[in-house]
Structures are given as C-alpha cells and as structure tokens.
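The structure appears below as structure tokens.
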Amino acid sequence: MIDAKRRILLKGSLGAGAIGVAVTAGLITPSTVLAAWPEAAFKATDPASALKGLLGTDATETSDQVMIKAPDIAENGAVVPVTVESSAEGVKSISIIASGNGTPLIASFELGENAAPFVSTRIKMAKTADVVAVVQTDAGILSAAKPVKVTIGGCGG
C-alpha cells in the first residue's frame, strides 16, 4: 500500500521544482507573477493622497448610488464589518477608506466586467471616524461615508 502523504510530498516537490527551473531559466519572473500593487496609495497617510495614488484624483461625488453598511458603534475596532454595494452602471472598482487610521486606505477591489458591484469585509479602525466607500465607474468616481464610533481601538489601542 502506498502512503498518501508520500504522494502529496512528491507531487508538491515536483511542482516546486518545475517552478524553480522556470524561474532560473528566465521563463517566469517574479514581477510577472505578482499582481500590480499601488504602493503609494496604501502607504499614504491621508485619504486625499491615498485616492490620488489609487485613482489619480481625490475628486469624488457624493452619491446615493453608493450604499455603505457599517455599525453605528463598533465595540471592537479590530473587527468592524463593512459592506459596500452600488446601483451605478459600469462599476470598475470599490475601495474602502477609514479616515481616522494612520494609513487610511483599507482595501481596493477591482471588479470584472460582469461582476456584481458588492463587497463585504471586516476592517480595522484605530479610532472613531468616517468609513468612506469610493466607487469608480465609467462616468466618474462616486462616494458615500458612514460615521462609526469605536469604543475599543483596533490598531494598537
């Protein structure tokens, strides 16, 4: 009888070896494997700079086509549930900003052509502040904000 763990180990070793050979031969470079990452946007210390680094502008239009759902009071800033959806046409991306955080850009989701404009996640908030949803569409950049009161800080507090 052949040990199943041994088979898994051999398959994994062969796969890793094949990738190693491809990298060594120059067929695959790490930069082509990794996704594009807007480093300046995620390292920005204010929401305007984060939006400029991510979308090229910080000009947004407040819209009722962007719906953000977050608790009025978050008992623990380390886990704040946030849901964003949009009724706008041609949504390209949805981004979430916690304006009170040291690095306010929390997440940015690039959506495919036929994807539903809906994201749900849990974020970390340092203190009481607005959570801002930014939706990039074919027509422009829309936003909506929701104030969230944090009773216990999540970012080291």
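Assess whether G112 counts as being in a loop (DSSP other than H, G, I, E, B), surrounded by 14 or more Cβ atoms within 10 Å (Cβ to Cβ) and within 19 Å of the chain's Cα centre (by Cα).
On the way: in a loop (DSSP other than H, G, I, E, B): yes; surrounded by 14 or more Cβ atoms within 10 Å (Cβ to Cβ): no; within 19 Å of the chain's Cα centre (by Cα): yes.
It is false that G112 is in a loop (DSSP other than H, G, I, E, B), surrounded by 14 or more Cβ atoms within 10 Å (Cβ to Cβ) and within 19 Å of the chain's Cα centre (by Cα).
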Handout entry: Residue match in the stretch 76-87 (condition: in the same structural domain as V134 (by TED's automatic domain parsing), in contact with an Asp or Glu (Cβ under 6 Å, 6 or more places away or on another chain), modelled with pLDDT of 90 or more and within 19 Å of K146 (Cβ to Cβ))
Key = no
Completion exercise
Exception for I94 within (1) part of a strand (DSSP E or B); (2) surrounded by fewer than 17 Cβ atoms within 10 Å (Cβ to Cβ) falls at (2)
Practice task
For the stretch 48-70, enumerate the residues that are aliphatic (A, V, I, L, M) and either within 20 Å of V148 (Cα to Cα) or under 17 Å from the mean Cα position of the chain (by Cα) (or both).
Solution key: A48, A50, L51, L54, L55, V66, M67, I68, A70
Handout entry: Cβ-Cβ under 8 Å pairs, at least 6 apart or on other chains, the stretch 28-49 side modelled with pLDDT of 85 or more, far side part of a loop (DSSP other than H, G, I, E, B) and among the β-branched types (V, I, T)
Key = F42/T103; K43/T103; A44/T103; T45/T103
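Okay, residues lined up against (1) touching a Gly at 6+ places or on another chain (Cβ under 9 Å); (2) touching a residue at least 40 places away in the same chain (Cβ under 8 Å):
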| residue | (1), (2) |
| --- | --- |
| A107 | no, no |
| E110 | no, no |
| N114 | no, no |
| F118 | no, no |
| A129 | yes, no |
| V134 | no, yes |
| A139 | yes, yes |
| L142 | no, yes |
| I152 | yes, yes |
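The values are calculated or read from the model by the stated rules, or taken from the named source; none is laboratory data. Because the structure is a prediction, the values reported are computed rather than measured. Backbone-built Cβ (ideal geometry, glycine too); neighbour counts: all protein chains shown.
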